[in-house]
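Novice: Mind having a look at this structure? Questions to follow.
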Amino acid sequence: MTVDLDTWRALSAQQQPEWPDPVAVTAVREALSVLPPLVFAAECDALKGRLAAAARGEAFVLQGGDCAETFAGSTADNIRGKLKTLLQMAVVLTYGASVPVVKVGRLAGQFAKPRSAGMETRDGVTLPSYRGDAVNDLAFTPESRIPDPQRLLRMYHTSAATLNLIRAFTQGGFADLRQVHEWNRGFLAANGTTARYEAMANDIDRAIRFLSAVGADSESLHRVDFYTGHEALLLEYERALTRIDSRTGTPYDVSAHFVWIGERTRQLDGAHVEFASRVRNPLGVKLGPSTSVADAVALADKLDPEREPGRLTFITRFGAGRIRDGLPAIVEGVRDAGLLPVWVCDPMHGNTIDAGGYKTRRFEDVMDEVTGFFEVHEALGTVPGGVHVELTGDDVTECIGGSSGVTEPDLKLRYETACDPRLNHQQSLELAFLVAEMLQRRRSHV
Ligand code: PEP
Ligand code: CO
């Protein structure tokens, strides 16, 4: 049976660029459709299996990376820094959770952004909003903001180069557990962080020494599985990167292992949900505070009618002030409908504030949302399956608080994001230590 991959075209698609030249879009679409896959269907299936384990509480998901990757920012140093940060976090979380951590980068494809406003005004000048490097340029000039479909090709090639580096790093020894732990040691020494993180690092030391002593397979400590994911926003791009898997005869969106539908494009009768329902990748859907139980169940019915383990991840982003009141009904309703999605906490997108003209987030709000997420699942007996964060490996000053001591006046020092504020290296590791403590506490209860 062939699947029609173009049914979404008849539906309303939110957040699509207004490309000035439709003929150019067709040419780009055709060029993309014959380029090699960036990932393989079997890898997507492997990730689905790992996510199924996370839904049952037998693994924990770490998703992270930039809010918006940029072409200019896709340098070896930047990619290495983000990967290193994620690997360092994963070691700490693995220790806390005592189960494998499923690592999914917001990397190698996170180039398109939904915007709450189509236009942006500065000093009386109004121009189309920046929609990510896949569409237009961040510079505030009329030429830069015109959507250019050639950028979709550049998105593909930049994703390919990024993924190539990630594959080399994660398979070639860079990800060795012993080395990653040494980085964590160096981090703690440099930042004079509290004794409680030190104690956990000492425990990890002992565990690694024990593994060496018993001759645990050094190959398995040497490599890691690392997956990619991004918001499947630009439907022309995602459609052109969809291929029929020769093993199964079914379609996969081979632009990434994992794709998600954002809060602004998850309409049940919209084009994004329709498109995603046709591909076999593991899928995410962001759920914000306006979600009803009926919405969540209807999304699951549409995207995962077979109730396939690992197929569906709900990424909740309620905000610290709303999670404890808003999340329980959704989790309960979904559970009572017989569904077992992976529940992942995005503690970033519900906690964005304005501070002196800078979009920022308080580390304390981010942690409070994660804490609330764990509390809700604890009370319901359901599984907190992972976290989804915006981060970078650099010492930027975009989010405030935490032991990093970044304060409001510091925001102007190193504010480099093309979109939302990211946790810096130190804030990311601190989050990992704090989440690891929550996972440890949970383990001692269940
Ligand atoms: C994002 O993940 O960058 C994003 C836009 O999130 P949301 O769809 O949850 O607002
Ligand atoms: Co964002």
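We did not get these values from a lab; they are worked out from the coordinates using the rules stated. Every value quoted in this text rests on a predicted model; they were computed, and no experiment measured them. Here the Cβ positions follow ideal geometry from the backbone for every residue, glycine too, while neighbour counts run over all protein chains shown.
Novice: Just want the answer: with Cβ charges of +1 for Lys and Arg and -1 for Asp and Glu, which residue in N78, F174, L93 is farthest toward the dipole's positive end in region 70-176?
Specialist: L93
Novice: Now a separate question. Once you charge only the Cβ atoms, +1 for Lys and Arg and -1 for Asp and Glu, what is the size of the charge dipole of region 11-141 about its Cα centre, to the nearest 20 debye?
Specialist: Roughly 540 debye, rounded to the nearest 20.
Novice: To continue, here is another question. Check which residues have an amide H placed less than 5 Å from Q14's amide H, if you skip close sequence neighbours.
Specialist: It is A271, H272, by chain and number.
Novice: I need the per residue convex hull volume for the chain, using only the alpha carbons, in cubic angstrom as a whole number.
Specialist: Dividing the Cα hull volume of the chain by its residues yields 142 Å³.
Novice: Quick one: what does P(r) look like for region 181-230 with 10 Å bins over all Cα pairs, in whole %?
Specialist: Per 10 Å bin, starting at zero, the Cα-Cα P(r) for region 181-230 comes out as 21, 38, 31, 10, 0 percent.
Novice: Each label point is 7 Å from the Cα along the Cα-to-Cβ direction; what then is the distance between the points at A10 and E308, in nm?
Specialist: Going from the A10 label point to the E308 one covers 2.3 nm.
Novice: Would you kindly work out the equivalent ellipsoid of region 205-325 from its C-alpha gyration tensor and give its semi-axes, the square roots of five times the eigenvalues, largest first in whole Å?
Specialist: Ellipsoid semi-axes (Å, largest first): 33, 23, 13.
Novice: Placing +1 at every Lys and Arg Cβ and -1 at every Asp and Glu Cβ, with all other atoms neutral, what dipole size does the chain have around its Cα centre, in debye to the nearest 20?
Specialist: It works out to roughly 640 debye.
Novice: Same structure again: Which one, G118, L62, L234, is farthest towards the positive end of the dipole of the chain when Lys and Arg carry +1 and Asp and Glu -1 on their Cβ?
Specialist: L62
Novice: Measuring from label point to label point, each 7 Å out along Cα→Cβ, what is the S403 to A46 span in nm?
Specialist: Result: 3.4 nm between the two label points.
Novice: Residues of region 406-446 with the amide nitrogen closer than 12 Å to a label point 7 Å from the Cα of E378, along Cα-to-Cβ, please.
Specialist: Correct set: 437-446.
Novice: Take L340, L312, L86 and order them by how many other Cβ atoms sit within 10 Å, fewest up front.
Specialist: Fewest to most other Cβ atoms nearby, the residues stand as L340, L312, L86.
Novice: Same structure, new question: For the chain, what number of Lys pairs, 8 or more residues apart or on separate chains, have alpha-carbon atoms under 16 Å from each other?
Specialist: Lysine pairs meeting both conditions in the chain amount to 7.
Novice: Then there is this: Name the cysteines of the chain that stand alone by the Cβ rule: no other cysteine Cβ under 4.7 angstrom.
Specialist: Cys with no partner Cβ under 4.7 Å: C44, C345, C399.
Novice: Which three semi-axes in whole Å describe the equivalent ellipsoid of region 236-281, each the square root of 5 times a Cα gyration tensor eigenvalue, listed largest first?
Specialist: 20, 10, 9
Novice: Now a separate question. Quick one: if you stick a label point 7 Å off each Cα along the C-beta vector at R322 and F71, how many nm between them?
Specialist: The answer from the label model is 3.6 nm.
Novice: Continuing with this model, one more query. Taking K and R as +1 and D and E as -1, what net charge do the other residues with C-beta under 13 Å from the C-beta of V3 add up to?
Specialist: Every neighbour counted, the sum reads -1.
Novice: Assuming R0 = 56 Å, what is the FRET efficiency of R115 and V214, from their Cβ-Cβ distance, to the nearest 0.05?
Specialist: FRET efficiency, R115 to V214: 0.55.
Novice: At R0 = 25 Å, how high is the FRET efficiency between I244 and L153 if r is their beta carbon distance? Nearest 0.05 is fine.
Specialist: FRET efficiency, I244 to L153: 0.70.
Novice: For Cα pairs less than 8 Å apart in space and 6+ apart in sequence, what is the mean separation divided by the residue count of the chain, i.e. the relative contact order in percent?
Specialist: 22 percent
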